[in-house]
Number of protein chains: 2
Amino acid sequence: MRAVDLIVKKRNGGELSESEIQFLVKGYTSGAIPDYQVSALLMAIYFGGMNFEETAALTRAMIGSGRTIDLSGISGPFIDKHSTGGVGDKISLLLAPIVAACGVKVPMLCGRGLGHTGGTIDKLESIPGYRTSLSEREIRGILSECGFVFMGQTESIAPADKLLYALRDVTGTVESIPLITASILSKKAAEGSDGFVFDVKAGSGAFMKTEAAAKELAESLVKTTRVLDKKASAVVTAMDEPLGRFVGNLVEVRETVRALLGDIPSDIGEVTYRLGARMLMLAGRAGSIDEGAAACRSVLESGAAYRLFVHNVAAQGGDPDFIAAPEMLEPAPRRFEIKAEKDGWVAGVDAFKIGNAAVLLGAGRAIKESGIAPRAGIELVKKRGEEVERGAVVCSLYCEEGLEADEAAALARAAYTVSDEPPESRRLILYEMEAS
Amino acid sequence: MRAVDLIVKKRNGGELSESEIQFLVKGYTSGAIPDYQVSALLMAIYFGGMNFEETAALTRAMIGSGRTIDLSGISGPFIDKHSTGGVGDKISLLLAPIVAACGVKVPMLCGRGLGHTGGTIDKLESIPGYRTSLSEREIRGILSECGFVFMGQTESIAPADKLLYALRDVTGTVESIPLITASILSKKAAEGSDGFVFDVKAGSGAFMKTEAAAKELAESLVKTTRVLDKKASAVVTAMDEPLGRFVGNLVEVRETVRALLGDIPSDIGEVTYRLGARMLMLAGRAGSIDEGAAACRSVLESGAAYRLFVHNVAAQGGDPDFIAAPEMLEPAPRRFEIKAEKDGWVAGVDAFKIGNAAVLLGAGRAIKESGIAPRAGIELVKKRGEEVERGAVVCSLYCEEGLEADEAAALARAAYTVSDEPPESRRLILYEMEAS
């Protein structure tokens, strides 16, 4: 087998077999196949696509390049959720304890933020001491004890994905549905879950800007997961506007804690309960969306989910008193206010602009190597559909001392559209793909 | 400027500017842009194409990576022919002295054979002492003296093309019309001609298997050359069957010498006179195909072209007595005959199979580094349209002692189709693109 022949086969619209894909991935990770051949192949895949069998074979080869987490001996079922990333998306922080409180184990592999999007690990690390870099023994222990665990990607999980992603990043081959699918699944499937609910975001603040592109990715994720003999369903949700009222890290932990204590913003509630319901359905613990959503709401209202969250913070090395003390969760001290320039209704708050403003304030990373300011962030005082008067604060920016926020403020101001009439009501759940 | 942004631009169907293409080629040849980015770009070009302006810009950047030959002080006009390569294609050997004898200078950059196709340099080097590796001073001297010169590519001509071709070869990006065009033109334009006639071969023995693909390449070559402010025309010619009756190196030199002495096979004559006429027209030395062809025929019949050829052999280090001595031009001693299996007419002699049989006999190279046997080759005793009787020799194979020719013989046998009825007459000139 020669790499160049496989490149030509794919270039000409052919289908790569399991053994051909194994040859390519093993060859690349071992260094036998040079990166210039792999990047040409990736571009051929960008143009020619891959069917679900090929995508599943790529996923398997990538999983096989590393270790998988052994969950044997722990009672399941194990169901995880994956979000394609957005702005203000703290759903994972709420959803894991809620679903765990309903009796389903959630081993959740999380990522860091990059670009305008936030990352669950960055948010959790704003809690002093919280660790997501865990040994397999710790992962098993925390999952058994709390019902869920938040873990970062390790060197040993799907190292081929890390190599391939780095190459895609510099060769213009990131935006390929089958490559995105295999990248997501190779990490998720390595964690040992029985099934996945995919939250595919669509809109300015999402990786997929249009609903059509998000649907395509949702279909690819669900169908490829099924080829991998795991259960899956997907929900395409709106990411034109940030979720909740806070964007950042510690400010999102605070919003999560408040939500777990009962003060849950309506958009966060709607998405969380829908995803939670679908996770319970995949686990066989709910027969319908309504039944599953009711179960989720019930463990939130009873405080059971909150208690599990506190338990988890302690188990993962964080200080449980910290999240219970409102004064510890205050944002960074330097504050800038954005005011409405006219009377009217907020017609939209652009998630992409708000996400980038948050990065400029220190809450995110422009490049992978950057550090972040955990207390920096943005409060959306007004959101879509809310009435404003000229001069009223629509948005507050928080950053550490010494930082000028002119550029962030300009972006945040530009994110707001105020119209003379109230906007039409917004749909959050755009599309759903049932598990079959 | 970042390479990845230019890859994405091309991937998304954008047009690269002259300065962007310069940046990429300079970056690649200097090592600043890694080959994995260039191979991804090449694959994006394979799928997305390039227009004639982009192709011309790529050609200029590749020419600019090396030296060009300075022909100032030598009286022109300078016109060259380029063939995309075929089997039994010794047209260059005849055409250069013919056109030079008509008063047009022909500085001809030639290549070696690779795969099933032969190369002009390999054929010339079967003449003991003949050198194509020449200094610029020698090139100028031989061109002034004989009116034509055959030169090999040097390290200093378009080194970027050498690098890019090597990368394309291992990344499945050879078969791209704009990349083929820029590769051809970067070498040809560096030799300083005022215009080019392109002989684009179509058929089993050609790089372009179909007439449609050959037309597309012809159009790209002519139109890109015009963007480069040089004159051009193109002829698409048939390469389903080898040209002439001999395939190899020394056997093709012998066929050339015989042709220059007046014994010119009809297919070789037709293609040579057509290309020669077009070269004279580009040079302003003929007003029509008929006038140009008559001039070419005249210098052949007068012996003027033969005398120039002998002169050139001496000027380029070869022994002129060698080519004048029939016993020196004999093929290799070991001979195998292929016989007709039934009575009928030869319906076709597959050029690809014959080319590969010649390689197996030692006349060509399977890989770039191979040496060749100069006296090995094939004689097509019978060609398309000729009547044969069962048991009559249709083809003879020649190789050096010690070589078994079973595989070559099987290929040569398979190359022949004998039918019960005479085949339709064959068109050699399939399509022509006028210079405007």
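The values are calculated or read from the model by the stated rules, or taken from the named source; none is laboratory data. For clarity, every value in this text was computed on a predicted model and none was experimentally measured. Backbone-built Cβ (ideal geometry, glycine too); neighbour counts: all protein chains shown. Please note that ligands, DNA and RNA were not included when accessible areas were found on the heavy atoms of the full protein model with its side chains. Shrake-Rupley method; radii C 1.70, N 1.55, O 1.52, S 1.80 Å.
Couple of notes before you dig in:
- Counting only protein heavy atoms and using a 1.4 Å probe, the accessible area of A:Ile63 comes to about 30 Å².
- Taking the longest Cα principal axis of chain A as reference, the axis of helix A:266-282 is set at about 30 degrees.
- Ascending distances from the B:Gly49 label point to its copies in the other chains, with the point 7 Å along the Cα-to-beta-carbon line: 2.2 nm.
- Per-residue mean of foreign Cβ neighbours for B:30-43 is 6 (Cβ atoms of other chains, 10 Å radius).
- Using a 7 Å projection from Cα along Cα-to-Cβ, the label point at B:Ser144 is separated from the same position in the remaining copies by 9.3 nm, smallest value first.
- For the peptide A:166-173, the mean number of other protein chain Cβ atoms found within 10 angstrom of a residue's Cβ is 6.
- In this structure, the pairs whose alpha-carbon distance is over 20 Å, taken from A:Lys123/A:Lys209; A:Lys105/A:Lys215; B:Lys188/B:Lys231; B:Lys81/B:Lys353; B:Lys90/B:Lys215, are A:Lys123/A:Lys209; A:Lys105/A:Lys215; B:Lys81/B:Lys353; B:Lys90/B:Lys215.
- Stokes-Einstein D for chain A, Kirkwood Rh over Cα pairs, 20 °C, 1.002 mPa s (µm²/s): 96 µm²/s
- Helix B:406-415 vs. chain B, principal-axis angle (Cα, 0 to 90°, nearest 10): 90 degrees
- Rounded if a/c under 1.5, otherwise prolate or oblate - the stretch B:3-49, Cα gyration tensor axes: oblate
- Pseudo-label separations to other copies for A:Gly371 - Cα-to-Cβ vector, 7 Å, nm: 6.6
- Less than 5 angstrom separates the built amide H of B:Gly14 from none of the residues sequence-distant by 5 or more or on a different chain.
- Gyration tensor (alpha-carbon) shape descriptor, the protein assembly as shown, a/c threshold 1.5: prolate
- Residue by residue, the stretch A:88-95 carries 3J(HN,Hα) couplings of x, 7, 9, 4, 4, 4, 7, 5 Hz when phi is fed to the Karplus relation 6.51 cos²θ - 1.76 cosθ + 1.60 (θ = phi - 60°); x denotes Gly or Pro.
- Scanning residues 5 or more positions from B:Leu430 or on other chains, those with amide H under 5 Å from its amide H are B:Val236, B:Thr237, B:Ala238, with H placed 1.01 Å from N in the peptide plane.
- Counting only DSSP beta bridges with both residues in the protein assembly as shown, the antiparallel share comes to about 55 percent.
- MRE, 222 nm, helices only [DSSP H, n ≥ 4, -39500 (n - 2.57), over chain B, to nearest 500]: -14000 deg cm²/dmol
- Karplus 3J(HN,Hα) series, Hz, for the stretch A:44-51 with 6.51 cos²θ - 1.76 cosθ + 1.60 (x for Gly, Pro): 5, 5, 3, 7, x, x, 9, 7
- Model label zone, B:Ser419; criterion: amide N under 19 Å from point 7 Å along Cα-to-beta-carbon; scope the stretch B:204-246: B:204-205, B:211, B:238-242
- Amide proton proximity set for A:Met151, modelled H, under 5 Å, gap of 5+: A:Met108, A:Leu109, A:Cys110
- Folded to 0 to 90 degrees: helix B:250-260 orientation relative to chain B principal axis, Cα: 80 degrees
- Note on B:121-130: average number of Cβ atoms from other chains within 10 Å of each residue's Cβ is 0.
- The contact between chain A and chain B removes approximately 1700 Å² from the accessible area (both sides summed; 1.4 Å probe; ligands, DNA and RNA excluded).
- From phi via Karplus (6.51, -1.76, 1.60), per-residue ³J(HN,Hα) for the stretch A:170-184 in Hz, x at Gly/Pro: 9, 10, x, 10, 6, 7, 10, 4, x, 5, 4, 4, 5, 5, 4
- Solvent-accessible area per residue in the protein assembly as shown equals 38 Å², computed with a 1.4 angstrom probe and all protein chains kept.
- Ordering of A:46-57, A:319-330 by packing [mean C-beta count within 10 Å, highest first]: A:46-57, A:319-330
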